[in-house]
Amino acid sequence: MSATPEGQALALAWLNRVCAGVRRWSLLAVAAGVAASLAFAGFAFAVAALVAAWLGPPAAPDWRLLLLIPLLLLLRSALLALRDWAGARAAVALRGQVRGELLDALQRLGPLRRRAGDDGALAALVLEQVDALDGYVSRYLPQRHIAALVPLLLMLLALPQSWLAALLLAVTAPLIPVFMTLVGWGAAAAAQAQAAALARLSGQFLDLVRGLPTLRLLGAVERGAQRLAATAAEFRQRSLAVLRLAFLSSAVLELFAAVSIAMLALYLGLALLGRIDIGHYGRPLRLDTALFLLLLAPEFFAPLRQLGSDYHARADALAAAEALAGLQARAAERDAAPASATGTPDDSAAKPMPMASERTAAMPAERARTAAADASAATLEPAAPDERKVQRKTPAPDAPSAPARAGGVETSRYDSTPAAAAPGIEFDHVSLRYPDGRHGLYEVSFRIGAGEHVLLRGPSGSGKTSVLALLAGFIAPTSGRILIDGQDLATLDRATWWRRLGWLEQRPEWFRLALRDNVLLGLERGDEDRLWAALRQAGLDAVVRALPQGADSVAGTADGSLSGGQLQRLALARALARDARLWLLDEPLAHLDAETAQELRSTLAAAGRGRTVLLASHAPAESRWIARELRLERGRLCHDGVPAARQGWI
């Protein structure tokens, strides 16, 4: 992160937007803070009048003042408590709103969230960086308005007593905000460096914990610990740099306030002694007037000093806001429709597929569970067949023919399973360019028939994951169209579409919950028939029954420990539980040994019947269940035909 003017402007605009939702609490805090200062002004006037009466000519004390003083102190305390309470309520509401938006953004990004950072950095973003907004909204935001209103009101109260005292206050007051701004420039840069160091530390710590078994086998645990210690030392040094700036600014602000009050006290003392005859409208300065002005001076500077103390909260919030706004920008919904098929890859940056429903600020637990099911499982309920059949615009010479029909019902070429519920897919001159200028795809066109099993092959960076992400709706094409049974994907409701597909990747998502909850994510937890049918199809039912707690064993614990291949089967069972008819498989056999990979390949072949399957892989097809191969190189489709493993069998 860098403290550039553009980044600061983006962060400020984002802060203004998210703080608009808690404006009523901020206004309540401002009103309470201003009223507390006015209550203190009344207290100062009562104390000055009472002291002057005691020190002046003998007279009966005004008992009303004795009663008014404690009442004003109690009122001031109550108002200050109300200010703090309103600020705390604003902070709680803002954190809930922002965390809900971030979870929604991560949900929209889906597996592509890894491009925004590893899980450790994203966890720090959602937790620590959101907490960094607390001081800004609870203290700095109300104090900014209080610091503008209270000195002006107190100066108006001082003006009828002495215009010179009011002038001294007006001249010295701007010194504090000016110095505060100068220090703030350095504080913002230090806070951003601290936030970046925290993200690195969180990511390295999570990577070290996840990789401990491998590091032990390689004898590299000490090296990983040393690297983590070096990052922790860097974070500690940057934290101390932020604290040093905060303490320095507080000390200088206190110095300015003390010098200003001393100047006012010197003038009042000389005026009481008769050495200065100007500034109080030609009449002698009375003791009660001088004492009132002297008591008013600390309250005049108190909001400015507090604003200076809270200014570091603004720097922390700006550093956090730049990162939070960047994450939301990656998942921002597109306001306009996708570009037409005649556009070029340079027309616009790739944007996420629009959502069809509005999101609430805070995500309830059940809604979060369902959202996680949609994003992680991304599975499909059987859809009614569409009578419109997608026609290939430019078929490749070696491409297999469309799925055959048997008895009026469309069937797959490799078995007789009805495939009417499986969707047909067409990429029509699809191009993709990412916001950073990288080109993902160039004019890619192909058709996948309903129920067809297709291998998407190519080296790293060729665009395989981009094709899957486009089809899943995590991003939208820069130009061209993606058709699902003849209907533009951009017009489909995103949540509904996610329920129509299954996503299986190298390292599937799972949660530290019971295995049944991981399989039936977003479904009825007590549906035993659905649970065991899915586990049986995935070849995992015997393994789960053998666990100490059975399906109630918690994933990731000793009782629910599963191997890498079994975790892949668990993710497959999740898709099977919801009867997904479109499967997007991103290197699902990577990092598995040959025997486990062959077993999972057989399971995929058996469970994939009647479903449209798109498998992305570096390696060529090793099984007859793959009917076609699409080969990508540098974002371009260079081959569309029958894989070598199937040619001899055909």
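If Q487 passes every condition in (1) surrounded by fewer than 23 Cβ atoms within 10 Å (Cβ to Cβ); (2) within 26 Å of L572 (Cα to Cα) but one, which one does it miss?
Of (1) surrounded by fewer than 23 Cβ atoms within 10 Å (Cβ to Cβ); (2) within 26 Å of L572 (Cα to Cα), only one is false for Q487: (2).
Quick check on region 70-78. Is at least one of its residues within 30 Å of V18 (Cα to Cα) and either under 11 Å from the mean Cα position of the chain (by Cα) or β-branched (V, I, T) (or both)?
The answer is no, given that none of the residues of region 70-78 is within 30 Å of V18 (Cα to Cα) and either under 11 Å from the mean Cα position of the chain (by Cα) or β-branched (V, I, T) (or both).
Give S249, S260 a once-over and let me know the one that is open to solvent by less than 20 Å² (accessible area, probe 1.4 Å), assigned to a helix (DSSP H, G or I), closer than 24 Å to E128 by Cβ and touching a helix residue (DSSP H, G or I) at 6+ places or on another chain (Cβ under 7 Å).
Going through S249, S260 in turn, just one is open to solvent by less than 20 Å² (accessible area, probe 1.4 Å), assigned to a helix (DSSP H, G or I), closer than 24 Å to E128 by Cβ and touching a helix residue (DSSP H, G or I) at 6+ places or on another chain (Cβ under 7 Å): S249.
Taking interchain pairs and intrachain pairs at least six residues apart, which have beta carbon atoms under 8 angstrom, with the first residue in region 264-278 and closer than 18 Å to L159 by Cβ and the second modelled with pLDDT under 85 and surrounded by 12 or more Cβ atoms within 10 Å (Cβ to Cβ)?
Within 8 Å, the pairs are Y267/I276; Y267/G279; L268/L285; A271/D277; A271/G279; A271/H280; A271/L285.
Looking at D552, D586, which one is buried (at least 20 other Cβ atoms within 10 Å of the Cβ) and at pLDDT 70 or above?
So the residue among D552, D586 that is buried (at least 20 other Cβ atoms within 10 Å of the Cβ) and at pLDDT 70 or above is D586.
L520 fails exactly one of the following numbered conditions: (1) at pLDDT below 80; (2) surrounded by 23 or more Cβ atoms within 10 Å (Cβ to Cβ); (3) farther than 23 Å from G440 by Cβ. What is the number of that condition?
(1)
A quick yes/no check of all residues on (1) touching a strand residue (DSSP E or B) at 6+ places or on another chain (Cβ under 6 Å); (2) at pLDDT 50 or above; (3) open to solvent by 30 Å² or more (accessible area, probe 1.4 Å):
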residue: G282; (1), (2), (3): no, yes, yes
residue: S309; (1), (2), (3): no, yes, yes
residue: R314; (1), (2), (3): no, yes, yes
residue: A317; (1), (2), (3): no, yes, no
residue: R334; (1), (2), (3): yes, no, no
residue: A341; (1), (2), (3): yes, no, yes
residue: T360; (1), (2), (3): no, no, yes
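Look through S462, S431 and report the one residue that is over 26 Å from the mean Cα position of the chain (by Cα) and modelled with pLDDT under 85.
That would be S462, the only listed residue that is over 26 Å from the mean Cα position of the chain (by Cα) and modelled with pLDDT under 85.
Being among the aliphatic types (A, V, I, L, M), in a loop (DSSP other than H, G, I, E, B) and crowded, with 21+ Cβ neighbours inside 10 Å: is that true of L562 here?
So L562 fails the test.
Does A48 satisfy the criteria of being farther than 18 Å from A317 by Cβ, of a type outside the set (S, T, N, Q), open to solvent by 60 Å² or more (accessible area, probe 1.4 Å) and modelled with pLDDT under 90?
no
The values are calculated or read from the model by the stated rules, or taken from the named source; none is laboratory data. All values reported here derive from a predicted model rather than from experimental measurement. Positions of Cβ are backbone-derived with ideal geometry, glycine not excepted, and every protein chain shown enters the neighbour counts. For the accessible areas, the whole protein counts, side chains as well, though only heavy atoms, and no ligand, DNA or RNA atoms are used. Shrake-Rupley method; radii C 1.70, N 1.55, O 1.52, S 1.80 Å.
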